[in-house]
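So the structure is just underneath, and the comments pick up after that.
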Amino acid sequence: MAEEKTTLTLISGADKGIGFATAQELGKRGQHVLIGARNQERGEKAVKQLKDGGIKADFIQLDVTDKAQIKAAAAKIKAEYGYLSILINNAGIAMDHHQPASELSTDTIRQDFDVNYFGLIDVTQAMVPLLKAGRPAKIINVSSNMGSMGLASDPNSRFYKVNSLGYQSSKASVNFATIIFSKELADEGITVNSVNPGWTATGFGGRPEDAPVPTGMQDVAIGAAQIIKMASLPMDDTTTGTFTENAGTLPW
Ligand SMILES: NC(=O)c1ccc[n+]([C@@H]2O[C@H](COP(=O)([O-])OP(=O)(O)OC[C@H]3O[C@@H](n4cnc5c(N)ncnc54)[C@H](OP(=O)(O)O)[C@@H]3O)[C@@H](O)[C@H]2O)c1
C-alpha cells in the first residue's frame with residue numbers, strides 16, 4: 001500500500017493574527033505547517049510556540065513582495081519536502097485608512113496591491129509546481145467582505161458606505177484571481193477558494209493588539225474558523241471557485 005503523504009501547509013503572514021491561529025489549529029489537526037513570515041525573529045518565535053505545543057512546524061522566510069525570497073522559499077520546500085499540499089495566501093495589509101478615493105494617493109493603493117494581490121499571485125505561481133507534485137491540493141486565498149463588489153454596491157449592505165479604494169479593490173482582485181486560477185487548476189487536482197475571515201481582533205491595519213475589543217469585532221479563533229474549515233476538507237474534495245465565510249456564501 002502506498003504511504004500516505006503528510007498534509008504540508010504553507011501559510012503566508014503566519015507569525016501572528018489569523019495566520020498564526022490557523023497554523024495552530026491545522027497543526028493540532030495533524031498538518032505539518034510551514035510558517036511564512038517576513039520577519040525571521042517573529043517567524044521563528046511562532047514556530048517555537050507551535051513546536052512547544054507538539055505541532056510539526058517550520059519557518060519559511062517569505063516577504064510576499066520579494067521575488068527572490070519567494071523563489072528561495074519554493075526551492076527550500078522542494079529540496080526539503082518535494083511537494084506542498086495546501087497554500088494559504090493570508091498575508092495582507094490595509095494602508096488606505098478610509099481616505100476618500102478622490103484624495104487617496106496611488107502610491108498607497110499600490111502598497112495594498114503589492115502585498116494583497118501581486119504578492120499573492122507571485123507566491124501562487126511559485127508554489128503551483130509544488131502543489132502539482134502534492135496533488136490533490138488546495139489554495140485558499142484570504143480575501144475580505146470589503147472586497148465583495150456585490151456587498152459594496154448593495155444599498156442595503158453595511159458595506160455600501162465603506163470607502164477604502166486600495167484595500168477593497170485589492171481584495172476584489174484577489175477574488176478574481178480565485179475565479180481564474182480555480183478554472184485553470186481544476187483539471188490539475190488543485191482547488192482554489194476565497195475566504196472572508198470577518199472583522200477580527202488582530203493588529204490588522206495598525207490596530208494596537210492590546211486595544212479594547214469593540215462590539216462586533218470577533219475573536220481571532222472565529223476569524224480563522226472558515227479558513228480552517230476549508231483547509232480541513234478531505235484532500236480529494238473538489239469544492240472550487242467559491243467565496244465563503246463562517247455564515248455561508250458571499251456575493252462576489
Ligand atoms: N482582521 C480583520 O478584521 C480582517 C478582516 C477581513 C480580512 N482580513 C484578512 O486576513 C488576513 C490576515 O490579517 P490579520 O487580521 O491576521 O492581520 P495581521 O495580524 O496584521 O497579520 C497580517 C500578516 O500579514 C503579514 N504581512 C504583511 N505584509 C507582508 C509581506 N509583505 N510579506 C509577508 N507577510 C506580510 C504580517 O507580517 P508582519 O508581522 O511582518 O507585519 C502578518 O503576519 C489579511 O489578508 C487580511 O486582509 C482581516
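Readers should treat all values here as calculations from the given coordinates under stated rules, not as data from a laboratory. These numbers come from a predicted model, not from an experiment. Note that we place each Cβ from the backbone using ideal geometry, even for glycine, and neighbour counts take in every protein chain shown.
Below, the figures for the structure above:
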| item | result |
| --- | --- |
| Condition check for Ser194: away from the ligand (no atom under 12 Å from the Cβ) and under 19 Å from the mean Cα position of the chain (by Cα) | no |
| Leading residue by the ranking (nearest to Thr106 (Cα to Cα)) among those in the range 170-191 that are surrounded by 20 or more Cβ atoms within 10 Å (Cβ to Cβ) and more than 16 Å from the ligand (Cβ to nearest atom) | Phe181 |
| Residue that is farthest from Glu245 (Cα to Cα) [pool: residues in the range 3-24 that are surrounded by fewer than 20 Cβ atoms within 10 Å (Cβ to Cβ) and more than 7 Å from the ligand (Cβ to nearest atom)] | Glu3 |
| Of all residues in the range 79-98 being out of contact with any Gly (no Cβ under 9 Å at 6 or more places or on another chain) and surrounded by fewer than 17 Cβ atoms within 10 Å (Cβ to Cβ), the one that is nearest to Glu4 (Cα to Cα) | Glu80 |
| Some residue of the range 36-43 being surrounded by fewer than 20 Cβ atoms within 10 Å (Cβ to Cβ), charged (D, E, K, R), assigned to a helix (DSSP H, G or I) and more than 12 Å from the ligand (Cβ to nearest atom) | no |
| Residue within the range 202-223 that is within 18 Å of Val123 (Cβ to Cβ) and crowded, with 17+ Cβ neighbours inside 10 Å present | no |
| Any hit, the range 61-78, residues being within 16 Å of the ligand (Cβ to nearest atom), touching a Pro at 6+ places or on another chain (Cβ under 9 Å) and either under 22 Å from Gly119 (Cβ atoms) or free of Cβ contacts under 8 Å to residues at least 24 places away in the same chain (or both) | yes |
| Looking only at the range 224-250, and only at residues there that are touching a residue at least 12 places away in the same chain (Cβ under 8 Å) and in contact with a Phe, Trp or Tyr (Cβ under 8 Å, 6 or more places away or on another chain), the one that is farthest from Gly19 (Cα to Cα) | Leu250 |
| Answer from Ala211, Ala221 - the residue that is of a type outside the set (S, T, N, Q), outside any loop (DSSP other than H, G, I, E, B) and more than 9 Å from the ligand (Cβ to nearest atom) | Ala221 |
| The range 121-149: number of residues that are part of a helix (DSSP H, G or I) and without any contact (Cβ under 8 Å) to a residue 60 or more places away in the chain | 12 |
| Residues that are of a type in the set (Val, Ile, Thr) and within 15 Å of the ligand (Cβ to nearest atom), drawn from the range 110-141 | Val115, Ile121, Val123, Thr124, Ile139, Ile140 |
